[in-house]
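Here's the structure, in structure tokens; my notes come after.
The values are calculated or read from the model by the stated rules, or taken from the named source; none is laboratory data. Computed from a predicted structure; not experimentally measured. Neighbour counts are summed over all protein chains in view; Cβ atoms, including those assigned to glycine, are modelled from backbone coordinates with ideal geometry. Quick note on the areas: whole protein, heavy atoms, side chains included, nothing else; ligands and nucleic acids left out. Shrake-Rupley method; radii C 1.70, N 1.55, O 1.52, S 1.80 Å.
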Amino acid sequence: MLLLGIDLGSSSVKVSVVDGESGACLATAFHPADEMKINAGKPGWAEQDPEMWWTNLKASIADCNVQLGDSRHLIGAVGISYQMHGLVVVDRDFRPLRPSIIWCDGRAVEYGEKAFNALGRDFCLSRLLNSPGNFTAAKLAWVKENEPDIYKKIYKILLPGDYISLRMTGMPLTTYSGLSEGIFWDFVRNGISEELMDFFGFDHSLLAEPVNSFSHQGDIMDNIADELGIPRGIPVSYRAGDQPNNAFSLNVLQPGEVAATAGTSGVIYGVTDQRKYDQHSRVNTFLHVNHSEILPRAGVLLCINGTGILNSWLRKNTGNVLSYNEMNRMAAGINPGSDGLTIVPFGNGAERILENRNPGAGIQGLNFNTHSSAHLFRAAQEGIVFSIKYGLDIMKESGMIPSVIRAGSANMFLSPVFREALSCITGTRIDLYNTDGSVGAARGAGIGCGYYKSEKEAFSGLKTVGSVEPDRSKEEDYVKAYNNWLRHLDKISG
């Protein structure tokens, strides 16, 4: 059997097809070639058209079908990974009523703060394990108050991956993990938070029915299968947000294991069997994909909004002629610390590790006689790494102390500078694997449809492709650069 995995990001939609028996990736493609548009109607807003997701999904599957040839008829199940915390609202005909308010949109911060203050810090942190913050529930509250005509027409609210699954199967479902990422989940009650629903005035009928992440979640409708060029009647059998899925794709499923990713945003994600939370909700806890009442599993998530998007911004605004490999090579020619140049990467919305403040990005110490574009490239990568270090120190307060970080060999982890800096400043080994979100989603589909009888069987094809140990000879340089970066952060964040 072949397994198809979809990774719906905010920059592109990637699809991979994996041979279930060997675990080998037989086809992969992503669209668009550059990046999907994020619309910002007002400062701090971020929206995308769900139809754009579907268009790029079709194009990616079509490319994979060309690569597969006749063997595309062996595809037997579909898994979906998606950008977390977004809001899609649909009417009774399952049509979106407005563009999706995506994960990095900051308009709902004050709605989350009102709920946090009204319900109480102790209640929110002990029961929701988070502040309602800027998550899906708060985004829905914004729609309720500011777009009442649209709110009245809502039949179901969905996460981005729920919408893609709905489009394929005609079934409006979500997952338990998805409800927790929207901050609808009460970890003590092990069910929907009645108090949060009452505070916002939400009717329970708005929520889609939850299913397990690994489960039969509907069969692909015949007309959609024909549109996509894949077999009729195959199931969607796995669904997860991109960060739980990234952890899953790296076989990070047990307490103490840690995964990292650095695409548009950067994330450290650690698994625990405890109900852990940060007193200031700077890192967030959600149900992990393999959670059960018997064996509880939660993911503690640290997010930096502006990682790969900073690298992309620099590429576009330094002539748009260099490849990322060329930028990485130029950055490697500059010493750690970038000769005093520092960049704070917080230019993509409110940052949870800064308690939902949005200080914007900043460049400090720029000298026109000393610094070049190569210094900018290095300072950007170091700034992203230092942001992750800053967040990891917060995670350690909750008992999450990684000795090894697992990551896919993709995105920012393709840069030797990024890998070296992260390993040195955190003092951890970084293991790189031959996987990504779309491949992980394909493996998840294999578990969900019953093709794999165990997690061990699903990960038989997962291989390490490299490892980075801290370079002690450069540790002092990175510590000095980090302290310089912290002073810059203090200046711009107040």
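Condition check: at pLDDT below 95, of a type outside the set (S, T, N, Q) and over 21 Å from residue 232 (Cα atoms). Does residue 44 satisfy that? If you could, list the steps in order and put the result at the bottom.
Numbers: at pLDDT below 95: yes; of a type outside the set (S, T, N, Q): yes; over 21 Å from residue 232 (Cα atoms): yes.
Answer is yes for this residue.
So the check is Cβ under 9 Å with 6+ separation or different chains; which pairs have a first residue in the range 90-111 that's without any contact (Cβ under 8 Å) to a residue 24 or more places away in the chain and a second one that's part of a helix (DSSP H, G or I)?
From the range 90-111, the pairs are 110/138; 110/142.
Could you figure out which of (1) more than 23 Å from residue 10 (Cα to Cα); (2) open to solvent by less than 30 Å² (accessible area, probe 1.4 Å) isn't true of residue 159?
Status for residue 159: all satisfied but (1).
Looking at 277, 269, which one is at pLDDT below 90 and among the aromatic types (Phe, Trp, Tyr)?
277
Given the conditions (1) farther than 24 Å from residue 163 by Cα; (2) in contact with a His (Cβ under 9 Å, 6 or more places away or on another chain), and given that residue 63 satisfies all but one, which numbered condition is not satisfied?
(1)
What are the residues in the range 461-480 that are over 21 Å from residue 429 (Cβ atoms) and in contact with an Asp or Glu (Cβ under 9 Å, 6 or more places away or on another chain), if any?
461 - this is the single residue of the range 461-480 that is over 21 Å from residue 429 (Cβ atoms) and in contact with an Asp or Glu (Cβ under 9 Å, 6 or more places away or on another chain).
Between residues in the range 112-140 that are at negative phi and touching a residue at least 60 places away in the same chain (Cβ under 8 Å) and residues that are aliphatic (A, V, I, L, M) and assigned to a helix (DSSP H, G or I), which pairs lie under 6 Å by C-beta distance while being six or more apart or on different chains?
Note: pairs meeting the criteria are 112/138; 132/115; 132/138; 134/109.
Working only within the range 438-480, note down all residues that are among the small types (Gly, Ala, Ser) and open to solvent by 40 Å² or more (accessible area, probe 1.4 Å).
Going through the range 438-480, the residues among the small types (Gly, Ala, Ser) turn out to be 438, 440-442, 444-446, 448, 450, 454, 458, 460-461, 466-467, 473.
Within the range 438-480, 454, 460, 467, 473 meet the criteria.
Looking at the range 163-174 only, could you name the residues that are out of contact with any Pro (no Cβ under 7 Å at 6 or more places or on another chain) and buried (at least 24 other Cβ atoms within 10 Å of the Cβ)?
Across the range 163-174, the qualifying residues are 164, 165, 168.
Quick test for you: out of 287, 302, pick the one residue that is within 13 Å of the chain's Cα centre (by Cα), modelled with pLDDT of 90 or more and of a type outside the set (Val, Ile, Thr). Please lay out each step first, then the result.
Numbers: 287 fails: within 13 Å of the chain's Cα centre (by Cα).
The match here is 302.
Conditions: (1) buried (at least 21 other Cβ atoms within 10 Å of the Cβ); (2) over 22 Å from residue 177 (Cα atoms); (3) not basic (Lys, Arg). Residue 149 meets all but one. Number of the miss?
Against the list (1) buried (at least 21 other Cβ atoms within 10 Å of the Cβ); (2) over 22 Å from residue 177 (Cα atoms); (3) not basic (Lys, Arg), residue 149 comes up short only on (1).
Of everything in the range 319-332, what is open to solvent by less than 50 Å² (accessible area, probe 1.4 Å) and of a type in the set (Ser, Thr, Tyr)? Give them in sequence order.
Answer for the range 319-332, where residues must be open to solvent by less than 50 Å² (accessible area, probe 1.4 Å) and of a type in the set (Ser, Thr, Tyr): just 323.
Can you work out which of the residues in the range 344-357 that are over 28 Å from residue 332 (Cα atoms), part of a loop (DSSP other than H, G, I, E, B) and open to solvent by less than 40 Å² (accessible area, probe 1.4 Å) is modelled with the lowest pLDDT? Please lay out each step first, then the result.
To start, the set of residues in the range 344-357 that are over 28 Å from residue 332 (Cα atoms) comprises 349-357.
Those still in the list that are part of a loop (DSSP other than H, G, I, E, B) too: 349-350, 355-356.
Narrowing the set further to residues that are open to solvent by less than 40 Å² (accessible area, probe 1.4 Å) leaves 349-350, 356.
Numbers: 349: 84, 350: 80, 356: 83.
Taking the candidates together, the pick is 350.
Restricting attention to the range 435-458, report how many residues are over 17 Å from residue 237 (Cβ atoms) and in contact (Cβ under 8 Å) with a residue 60 or more places away in the chain.
Residues that pass the stated criteria total 2.
Suppose we filter 388, 363, 384 for residues that are of a type outside the set (Phe, Trp, Tyr), under 18 Å from residue 306 (Cα atoms) and free of Cβ contacts under 8 Å to residues at least 60 places away in the same chain; which single one remains?
The match here is 363.
Among the residues that make up the range 335-342, is at least one of them buried (at least 24 other Cβ atoms within 10 Å of the Cβ), within 16 Å of the chain's Cα centre (by Cα) and either modelled with pLDDT under 95 or not in a helix (DSSP H, G or I) (or both)?
Taking the range 335-342 first, the residues buried (at least 24 other Cβ atoms within 10 Å of the Cβ) are 338, 341-342.
Within this subset, residues satisfying the condition of being within 16 Å of the chain's Cα centre (by Cα) are none.
Within the range 335-342, none of the residues are buried (at least 24 other Cβ atoms within 10 Å of the Cβ), within 16 Å of the chain's Cα centre (by Cα) and either modelled with pLDDT under 95 or not in a helix (DSSP H, G or I) (or both).
Can you pull out the strands (runs of 3 or more DSSP E) entirely within the range 1-118 that have at least 3 residues that are open to solvent by 30 Å² or more (accessible area, probe 1.4 Å) and either touching a strand residue (DSSP E or B) at 6+ places or on another chain (Cβ under 9 Å) or not acidic (Asp, Glu) (or both)?
Per the criteria, 25-31.
Might you check whether a residue that is under 30 Å from residue 79 (Cβ atoms), among the hydroxyl-bearing types (Ser, Thr, Tyr) and in contact (Cβ under 8 Å) with a residue 24 or more places away in the chain occurs anywhere in the range 461-474?
Yes.
Could you please give the count of residues in the range 270-306 that are of a type in the set (A, V, I, L, M), part of a loop (DSSP other than H, G, I, E, B) and buried (at least 24 other Cβ atoms within 10 Å of the Cβ)?
Just the residues of the range 270-306 that are of a type in the set (A, V, I, L, M), to begin with: 271, 283, 287, 289, 294-295, 298, 300-302, 304.
The next check asks that each one be part of a loop (DSSP other than H, G, I, E, B); those that pass are 283, 289, 294-295.
Subsequent filtering for residues that are buried (at least 24 other Cβ atoms within 10 Å of the Cβ) retains 283, 289.
Adding up the residues that qualify gives 2.
Hey, does the range 354-361 have a residue that's under 18 Å from residue 479 (Cα atoms) and of a type in the set (Lys, Arg)?
no
For (1) at pLDDT below 95; (2) surrounded by fewer than 24 Cβ atoms within 10 Å (Cβ to Cβ); (3) over 20 Å from residue 415 (Cα atoms), each residue gets a yes or a no:
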| position | (1), (2), (3) |
| --- | --- |
| 359 | yes, yes, yes |
| 365 | no, yes, yes |
| 368 | no, yes, yes |
| 380 | no, no, no |
| 383 | no, no, no |
| 397 | yes, yes, yes |
| 401 | yes, yes, yes |
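For the range 119-169, what are the residues that are among the acidic types (Asp, Glu) and not in a helix (DSSP H, G or I)?
Of the range 119-169, the ones among the acidic types (Asp, Glu) are 122, 145, 147, 149, 162.
147, the sole residue that qualifies.
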